Amino acid sequence: MGRALGILCCCCLVVLALPAAPRGSALRPRRHRSPAGTAPGGDPPEPPADTACKNRPLDLVFIVDSSRSVRPEEFAKVKIFLSEMIDTLDVGERTTRVAVMNYASTVKVEFPLRTYFDKASLKEAVSRIEPLSAGTMTGLAIQVAMDEVFTEEMGTRPATFNIPKVVIVVTDGRPQDQVQDVAASARTAGIEIYAVGVDRADMQSLRIMASEPLDEHVFYVETYGVIEKLTSKFRETFCAGNVCALGTHDCEQVCVRNGRSYLCDCYEGYTLNPDKRTCSAVDSCAPGRHECDQICVSNNQSYVCDCYEGYTLNPDKKTCSAMDMCAPGKHDCAQVCLSNDGSYSCDCYEGYSLNPDKKTCSAVDMCAPGRHNCEQVCVRDDLFYSCDCYQGYTLNPDKKTCSRAVTSSLVTTEESCKCEAIAALQDSVTSHLEALSTK
């Protein structure tokens, strides 16, 4: 697989697909050389731009960022850069195919890979491109490239052809959307990305987008005025005898040049298999590979932490704390909730008992035997009770025991006579019984 070159700019973005440059290479503007006799110093003329090398076929997509901050003269230099890049390529239906996309807040496919197969038509089409104005939606542009341009319907050769797909991004600022995940998906799909920053470009964004190794895929130039000089770097990359650059290696993911040979490596989250060519995903949740307090959940090539039932993940996203299971809305107890180390149990208020479902409660008969302390009579009153006494007794001040009632002295004469007669009768009977008992 070839390496991709991404070139970033604050408002101007160009995305191409191409093989990797030699490790450690740097993009430095070279001085123009004028024909002998026409410029001071008599420097020899630079080789014509149309002397294209016989590079390996590519499916190459340019993505041009034309947001508002790119001035018209700067956008014109970007189009010159694209034209000079086309001149260095071995363009053709069976060799290198070229597509151009234009984007700002929206994305426009100016022409796909299947449209033009000669340099003149490509350069004419590039000259007609107009900027779109506001926005720098880099992530969206790369996503559209994957979904709509790198497809067989739009001219991309089938995977069995082993034609490299490479992206070059040129920008002088920071993407306004989330580009990290999109760029990672593009690389996983076999698109290598080179990132080239201009002027105020955000270097962190360049490194997020670019393929590994970063020192071969991240570059910087000072101004738009030297963007055209990148063509010499791409020419070296296309025409180099670098096995990794030409894609004539058998590494499944990453090819690292090693003198005149190469070594294979893997993307982050993968490990090199014993065959030294293919890669396998690393189990990020294997013991010793994560920092989760309780549960590790594999997530693509990374992991996230989770907690056991009854615990909640702390703000550090690693450790867990026991939840208050009795907080409102977290339990289904009808009356009383009792926390129990990450779990809970239900209970009832006094005067109620827990039903067999262990959640709801029923009122208890407080006057049932053994449940009250009344000496004589228990009177149930909803969830409570009170004591009372049989007829002829009165409730003592302790509200529990009873005493015989005292007869009132306020009686009528008739009642008094009756009482005296009864008393006399009782005395007579008592005396008679005593006399009998002494015989």
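At full extension, Asp181 and Cys367 could sit 59.8 nm farther apart than now, given 0.36 nm per residue minus the alpha carbon distance.
Here's the list of lysines a cross-link from Lys108 could span, going by alpha-carbon distance under 20 Å and ignoring same-chain residues fewer than 8 apart: Lys77, Lys79, Lys123, Lys165. Relative to the current alpha-carbon distance between Ala159 and Lys276, full extension at 0.36 nm per residue lengthens the span by 39.9 nm.
With the simple spin-label model, which puts each label point 7 Å out from Cα in the Cβ direction, the Thr360 to Glu236 separation comes to 8.3 nm. Taking a point 7 angstrom from the Cα of Arg68 along the C-beta vector, which residues in the range 123-155 have backbone N less than 12 Å away? Output list for this probe position: 133-136.
Per residue, the range 58-239 exposes 40 Å² of accessible surface when a 1.4 Å probe is rolled over the protein heavy atoms with every protein chain present. In this structure Lys119 has an accessible area near 50 Å², from a 1.4 Å probe over the protein heavy atoms.
Enclosing the Cα atoms of the range 196-339 in their convex hull gives a volume equal to 176 cubic angstrom per residue.
Ordering Phe161, Phe234, Phe117 by accessible surface, largest first, gives Phe161, Phe117, Phe234; the 1.4 Å probe counts only protein heavy atoms, with every chain in place. Computed as a quarter of the hull surface, the mean projected area of the alpha carbon convex hull for the range 324-364 stands at 2.7 nm². Average projection, convex hull of the Cα set of the range 366-406: 2.9 square nanometres. Rounded to the nearest 0.05, the FRET efficiency derived from the C-beta distance between Val377 and Asp324 at R0 = 56 Å is 0.75.
Close amide H pairs (under 5 Å, H built 1.01 Å from N) link Tyr352 with Val364, residues at least 5 positions away or on another chain. Straight-line cross-link reach from Lys318 at under 27 Å between alpha-carbon atoms covers these lysines, not counting any fewer than eight positions away in the same chain: Lys330. If R0 is 60 Å, the Cβ-Cβ spacing of Glu124 and Asp283 corresponds to a FRET efficiency of close to 0.70. Using heavy atoms of the protein chains and a probe of 1.4 Å, the accessible area assigned to His432 is about 110 Å². Were the residues from Leu338 through Lys108 laid out at 0.36 nm apart, the gain over their Cα-Cα distance would be 76.6 nm. Size descriptors for the range 58-239: radius of gyration and Dmax over Cα atoms are 14.9, 42 Å.
The values are calculated or read from the model by the stated rules, or taken from the named source; none is laboratory data. Because the structure is a prediction, the values reported are computed rather than measured. As a convention, Cβ positions derive from the backbone with ideal geometry for all residues, glycine included, and neighbour counts pool all protein chains shown. These area figures cover heavy atoms from the full protein model, side chains too; ligands, DNA and RNA do not enter into them. Shrake-Rupley method; radii C 1.70, N 1.55, O 1.52, S 1.80 Å.
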